1. From the square roots a ≥ b ≥ c of the eigenvalues of the alpha-carbon gyration tensor of the range 76-181, which class results: rounded (a/c under 1.5), prolate (a/b over b/c), or oblate?
2. How would you rank HIS177, HIS45, going from fewest to most other Cβ atoms within 10 Å of each one's own Cβ?
3. With θ set to phi - 60°, apply the Karplus curve 6.51 cos²θ - 1.76 cosθ + 1.60 along the range 162-167 and write out the HN-Hα couplings as whole Hz, x wherever there is a Gly or Pro.
4. Determine the equivalent ellipsoid of the range 134-183 by diagonalising the alpha-carbon gyration tensor, then write out the semi-axes as square roots of 5 times the eigenvalues, largest first, rounded to whole Å.
5. Using the number of other C-beta atoms within 10 angstrom as an exposure proxy, rank SER11, SER95, SER120, SER154 with the fewest first.
6. Below 12 angstrom from the Cβ of CYS97, what's the summed charge of the other residues (Lys, Arg +1; Asp, Glu -1)?
7. Take VAL176, VAL37, VAL83 and order them by how many other Cβ atoms sit within 10 Å, fewest up front.
8. Taking amide H atoms as placed 1.01 Å from N in the peptide plane, list the residues 5 or more away in sequence, or in a different chain, whose amide H sits under 5 Å from that of THR81.
Amino acid sequence: MSDLEAGVTSSSATELKVATAKQKKDAADQAFKLGNVKDALKAYHEALMFLLGLDKNALQSIGMASKPAGTSAEGKEKEKTEVDEIVEKIYANMSACHLKNQNWRRAQETAEKALAKNESNYKAMFRKGKALGEQGFFEKALKVLEDIKTKNPSDTELVDQEIARLRAIDNERERVHKQKMKGFLNKAEKKGASLSDDVEPAAIKSGFIEEVKE
């Protein structure tokens, strides 16, 4: 097989993988809209299997060349392909699925993977903040959500509502914790008093007074 033939075969295989991945993503999107989160996650995962690890040279050969995607926090110019954009959306949507399942840790992780592709994905930021708050990391959640308000003021009202909700959850979590600690200390005090009541009469009854050694 010549180099040209090999290149054509590679391009065709890459094109087929991308097309299949898009179909899987579309099916996942539809399943999520219908409330079928399990099937949505399965299809999103299958779509990723076709996209992750694709060669960028092969992508360029089918007209999916890299394009500027802004500047990173380190000041380096970032490039992304159409595949990067699809992967970003898949991870962001997987985060939404995990939130539906109340799988907060996975929701956070997939949101972070979407943000690794595009740190300005405000939906992924919002989902990350929500997931952090649900896990009990209120201060971290607050930082992420306040960052959205700075970068995308149009979301301020929605973000403020979520912050208020997470703060109420955090306050309730703290109240329950304090109540448990108070109950634990009360039990410990009662147990200590009970032990004292049991020991003293026995010592007196036996007429035995233990000498305290220096």
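The numbers here are math on the coordinates, done by the rules we state, and not lab data. The model shown is predicted, which means the values in this text are computed figures rather than measured ones. Cβ atoms come from the backbone with ideal geometry, glycine included; neighbour counts cover every protein chain shown.
1. Prolate, because a/c is 1.5 or more and a/b exceeds b/c.
2. HIS177, HIS45
3. 5, 4, 4, 5, 5, 5
4. Taking √(5λ) for each Cα gyration eigenvalue gives 28, 10, 5 Å.
5. SER154, SER120, SER11, SER95
6. Details: positive: LYS33, LYS38, LYS42, LYS100, ARG106, ARG127; negative: ASP29, ASP39.
Local net charge: +4.
7. So the residues, fewest neighbours to most, are VAL176, VAL37, VAL83.
8. LYS67
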